[in-house]
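These notes concern the structure reproduced below.
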Amino acid sequence: MLENGKLWYDTNGGVLHAHGGHILLDKDGYYYWYGEDRRAGVYVSCYRSKDLQNWEFRGHVLTVDSPTQPCRMRTKLALSRDVDDAEYEKYSTIGVNAVIEHRGKKIGKINVERPKVLYCEKTGKYVMWAHYENGKDYSDAAALIATCDTPDGEFVYHGAFNPFGHMSRDCTLFKDEDGTAYFISASRDNLDLHIYRLTPDYMNVAKLVGTPFQAELREAPAVYKKDGKYYMLSSWCTGWAPNQGKWAVADSMDGDWSLLEDFGDETTFDSQPAFVLQKDGRDIYVGDRWGGNGEKFFTSTYIVLEIRYKDGKPYIEFDEKAAW
Ligand code: DGJ
């Protein structure tokens, strides 16, 4: 039984590194969990499970070594940055912001956060979108795209860009029942959320269809659909510290969103939304309990709680047991 807020381990005994992540139920019947893995040289890891309790490590699916293939002009195509001797001396560690000697070069990592993966029926590709930063600060505010032919193979990195020139930080993907996909990300220095409808191959933004919660500083968006309505969970913007989660609802992804209402307690039970998993008619909230910045990242855990409804309003209550 997985306990909320405790470190979880994969079936090999390794700590499960899948933060800010996303679960995809594949046609092979496995749940694939993708998320941030900040170990040296790694960006995104993938685990799979049939029962959501026992997680098999499947691989580091995006790393400093991933193959690259541009898919549009003016993308940032580097998966690492060169560092000089001074920076190397200062930061060289095997930890989170590791600056490492790799293939005879001194390199620093870029920063990849909140990776999400959808399967595109049209192209037969697994498409990843994530938040891309230069590895030093949060000024790039870009969206990264990578693809793979299998759910857990080595993803090909296609670069990072600013959708229609906009800033793009905390993000999520949502796939509607008809296959239309949306990318939702924090823009304007986190002031607004942007909702983009994606092109049918999920490789680009097609149209900016909404800018909800203007000047409300929402982060960590997670979208799901229930009974024909679209629900969005999000947090406020307080770095790695948790805050009061909120929810909102809309009749369509490009429609008007309701006012934000409280979700969970004043710290969302010490968590920030990662995603909502829908299983057997249940909506399941998955949140990150961040250990914090730097090496503290490795003490980050997860909480998994069933979303219930009262008078049509979603809510969660804390339970020690993971709800899946
Ligand atoms: C909150 C975001 O939700 C995280 O993904 C991360 O970007 C931290 N801020 C960084 O402070």
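Highest mean first, the peptides 48-56, 138-146 sorted by other C-beta atoms within 10 Å per residue fall in the order 138-146, 48-56. Full extension of the chain segment joining LYS6 with THR123 gains 38.3 nm, where the gain is 0.36 nm per residue of separation less the Cα-Cα distance. The calculated 222 nm mean residue ellipticity attributable to helices in the chain amounts to -500 deg cm²/dmol, summing -39500 (n - 2.57) over DSSP H runs of n ≥ 4 and dividing by all residues. Along the Cα-to-Cβ line of ASP28, 7 Å from the Cα, sits a label point; which residues in region 36-56 have backbone N less than 19 Å from it? In region 36-56, the label zone of ASP28 (backbone N under 19 Å from the point 7 Å along Cα→Cβ) covers 44-56. Summing charges over all other residues whose Cβ lies under 12 Å from the Cβ of VAL249, with Lys and Arg as +1 and Asp and Glu as -1, gives +1. Dipole orientation for the chain: of the candidates GLY13, LEU191, GLY153, GLY153 has the Cα lying most toward the positive pole (charges on Cβ; Lys, Arg +1; Asp, Glu -1). Spin-label model, SER92 to GLU320: label points 7 Å out along the Cα-to-beta-carbon direction sit 4.6 nm apart.
For ASP311 and THR68, the difference between the fully extended length at 0.36 nm per residue and the C-alpha to C-alpha distance is 82.6 nm. Only protein atoms count toward the accessible area here, which uses a 1.4 Å probe; on region 19-315, the carbon and sulfur part of that area reaches 47 percent. Solvent-accessible area per residue in the chain equals 42 Å², computed with a 1.4 angstrom probe and all protein chains kept. The C-alpha atoms of region 166-237 occupy a region whose extents along the principal axes are 32, 28, 15 Å, arranged from largest to smallest. With 18 Å as the cut-off, how large is the P(r) tail for region 232-324, expressed as percent of Cα-Cα pairs? The proportion of pairs with Cα distances above 18 Å equals 46 percent. Close amide H pairs (under 5 Å, H built 1.01 Å from N) link LYS106 with VAL83, residues at least 5 positions away or on another chain. Put a plus charge on the Cβ of each Lys and Arg, a minus charge on the Cβ of each Asp and Glu, and nothing anywhere else: the dipole of region 86-145 about its Cα centre is then about 240 debye. Among ARG188, ARG218, the sequence by solvent-accessible area, most first, with a 1.4 Å probe is ARG188, ARG218.
Here region 19-315 was treated as a single set of alpha-carbon atoms; its pair distances binned every 5 Å from 0 give 1, 5, 12, 17, 19, 18, 14, 8, 3, 1, 0, 0, 0 percent. Translational diffusion of region 46-126, estimated by Stokes-Einstein from the Kirkwood radius over alpha carbon pairs at 20 °C in a medium of 1.002 mPa s, is 137 µm² per second.
Taking a point 7 Å out from the Cα of SER258 in the direction of its Cβ, the residues of region 301-319 whose backbone N falls within less than 16 Å of it are 307-316.
The values are calculated or read from the model by the stated rules, or taken from the named source; none is laboratory data. Everything quoted here is computed from the prediction, not taken from an experiment. When we count neighbours, we look across all protein chains shown, and the Cβ atoms used for this are built from the backbone with ideal geometry, even at glycine. These accessible areas exclude ligands, DNA and RNA; they are computed on the full protein's heavy atoms, side chains included. Shrake-Rupley method; radii C 1.70, N 1.55, O 1.52, S 1.80 Å.
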